[in-house]
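Colleague: Once you've had a glance at the structure underneath, I'll fire off some questions.
The values are calculated or read from the model by the stated rules, or taken from the named source; none is laboratory data. Just so it is clear, the model here is predicted, and its values are computed rather than measured. Heads up, the Cβs are rebuilt from the backbone with ideal geometry, glycines too, and the neighbour counts pull from every protein chain shown. What goes into the accessible areas is simple: the full protein's heavy atoms, side chains included, and nothing from ligands, DNA or RNA. Shrake-Rupley method; radii C 1.70, N 1.55, O 1.52, S 1.80 Å.
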Amino acid sequence: MSNVEKIIKQRIAQHGPMSLAEYMSLALCHPKYGYYITRDPLGVDGDFTTAPEISQIFGELVAVWIIDKWKNIGSPESFSLVECGPGRGTLMSDILRVVSKIPEFVSAVNVHMIEASPVLIEKQKEALLNYKDINWHYDFSEIPSDKPAIVIGNEFFDALPLEQLVKIKDKWVQKVVSINEKAEFGYGLREMPPGFDLKNIKAEEEDVYEISPVRISYMRNICDLIKENRGAALFIDYGYFRSSVGDTMQGVKGHEYVDILSNVGEADITSHVDFEVLAKVAADVGIDDISLMTQRDFLLSLGLKERAAALMAIADEEQQNDMVAAVKRLSGKDKSDMGELFKVIEVIS
Ligand code: SAH
């Protein structure tokens, strides 16, 4: 049994069943034994592969988006470029390579990385060795509150803790993690805590509705900052445009799905992101320039095909084949591709 599994079971034995969000938060980010805290989970030999790890084109196109938004907000002479959950630092390194060609941008930008994992912070430092003045933080609250900001995150929101509420006999109740007399994990239900408003959610008996208070408050803090000082935010994740019922929590280990109550602290746990809720948070803050789109449309609009063609022209045959596969993986419509499964929210203020 892993250390984090022991800790979770002890807490349940002492205090009773635990909410899914608390379980997820401990399994992933327990300060000593959490999944992200103890490893680099990315890549072929890890548990999952993300878009920036598939091809440099992804980061280059995000750089084009960032430069465009910086211009949109009046090319401020000093601003924060913030990445939430930067993994191995690959995305930021591809971005900085592109923007380094624009001296005004280079002198204006202050880079901030928000990362919980000491192992990944080390990887990010290696990836960004050539760049000076990069700041690391554990939380968004540490970002300067008096400057314009461009905030990005790829596969960050899906890793934040999530609650599940279940409709039983016309009432919403909360799903919790419990243990039996043999100390084995299972699920239970308890009365819904205050603060959730599910009046408008249409659901049948036993339907599951997912909500992530942590994600909502993260989005609210980002939107408050850019509403106050100008800025933009870009978040890319797998998820859905419209809030709906359904259990999307999944464990992933070695590129295979696993039960979220197994391999505790040794497997990733994520959920699909509800982009309608994110858009609503931005609207509530008073931002009116909000767009939702698929990753496919996002990348194509920024010139995916043209950039791939330019790289292909100087590549050997093997590299060309890799490029074709990467473009398909990033923008294709098949189930195994990211093009339509992944969604994008852009907000500009
Ligand atoms: N953006 C990267 C990595 C995605 S994996 C990529 O696309 O490759 C999720 C990332 O979020 C990891 O870097 C993980 O350590 C980080 N993370 C997860 N929960 C976090 C939290 N609560 N605060 C800060 N970083 C977190």
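Colleague: Could you please find all residues in the range 83-104 being among the β-branched types (V, I, T), more than 16 Å from the ligand (Cβ to nearest atom) and assigned to a helix (DSSP H, G or I)?
Modeller: Within the range 83-104, V98, V99 qualify.
Colleague: Then there is this: Only one residue in A232, A267, A183, A283 is touching a residue at least 12 places away in the same chain (Cβ under 8 Å) and within 30 Å of A63 (Cα to Cα). Which one?
Modeller: A232
Colleague: For the range 7-31, which residues satisfy the criterion of being among the small types (G, A, S), surrounded by 18 or more Cβ atoms within 10 Å (Cβ to Cβ) and part of a helix (DSSP H, G or I)?
Modeller: A21, S25, A27 - these are the residues of the range 7-31 that are among the small types (G, A, S), surrounded by 18 or more Cβ atoms within 10 Å (Cβ to Cβ) and part of a helix (DSSP H, G or I).
Colleague: A follow-up question, please. Out of everything in the range 39-54 that is among the β-branched types (V, I, T) and crowded, with 17+ Cβ neighbours inside 10 Å, what residue ends up being farthest from F196 (Cα to Cα)?
Modeller: Per the stated criteria, the residue is I54.
Colleague: Which of the residues that make up the range 107-137 are surrounded by 13 or more Cβ atoms within 10 Å (Cβ to Cβ), in a loop (DSSP other than H, G, I, E, B) and either within 18 Å of the chain's Cα centre (by Cα) or of a type in the set (K, R) (or both)?
Modeller: Selection gives E115, A116, S117.
Colleague: Any residue at all in the range 266-274 that is assigned to a loop (DSSP other than H, G, I, E, B) and surrounded by fewer than 22 Cβ atoms within 10 Å (Cβ to Cβ)?
Modeller: Within the range 266-274 (the criterion being assigned to a loop (DSSP other than H, G, I, E, B) and surrounded by fewer than 22 Cβ atoms within 10 Å (Cβ to Cβ)), the answer is yes, since at least one residue qualifies.
Colleague: Using the structure shown, decide if V4 is within 15 Å of the ligand (Cβ to nearest atom), open to solvent by less than 30 Å² (accessible area, probe 1.4 Å) and closer than 16 Å to S262 by Cα.
Modeller: yes
Colleague: Tell me which residues, restricted to the range 14-59, are more than 9 Å from the ligand (Cβ to nearest atom), hydrophobic (A, V, I, L, M, F, W, C) and over 30 Å from V98 (Cα atoms).
Modeller: Those that are more than 9 Å from the ligand (Cβ to nearest atom), hydrophobic (A, V, I, L, M, F, W, C) and over 30 Å from V98 (Cα atoms): M18, L20, A21, M24, L26, A27.
Colleague: Which condition from (1) assigned to a loop (DSSP other than H, G, I, E, B); (2) open to solvent by less than 20 Å² (accessible area, probe 1.4 Å); (3) among the aromatic types (F, W, Y) is the one that Y36 breaks?
Modeller: (2)
Colleague: Which of (1) more than 16 Å from the ligand (Cβ to nearest atom); (2) outside any helix (DSSP H, G or I); (3) among the charged types (D, E, K, R) is the odd one out, the single condition K71 does not satisfy?
Modeller: All conditions pass for K71, except number (2).
Colleague: Moving on. Can you say whether K169 is open to solvent by 80 Å² or more (accessible area, probe 1.4 Å), over 30 Å from F79 (Cα atoms) and either at pLDDT 95 or above or in contact with an Asp or Glu (Cβ under 9 Å, 6 or more places away or on another chain) (or both), as far as the supplied structure shows?
Modeller: For K169, the condition - open to solvent by 80 Å² or more (accessible area, probe 1.4 Å), over 30 Å from F79 (Cα atoms) and either at pLDDT 95 or above or in contact with an Asp or Glu (Cβ under 9 Å, 6 or more places away or on another chain) (or both) - is met.
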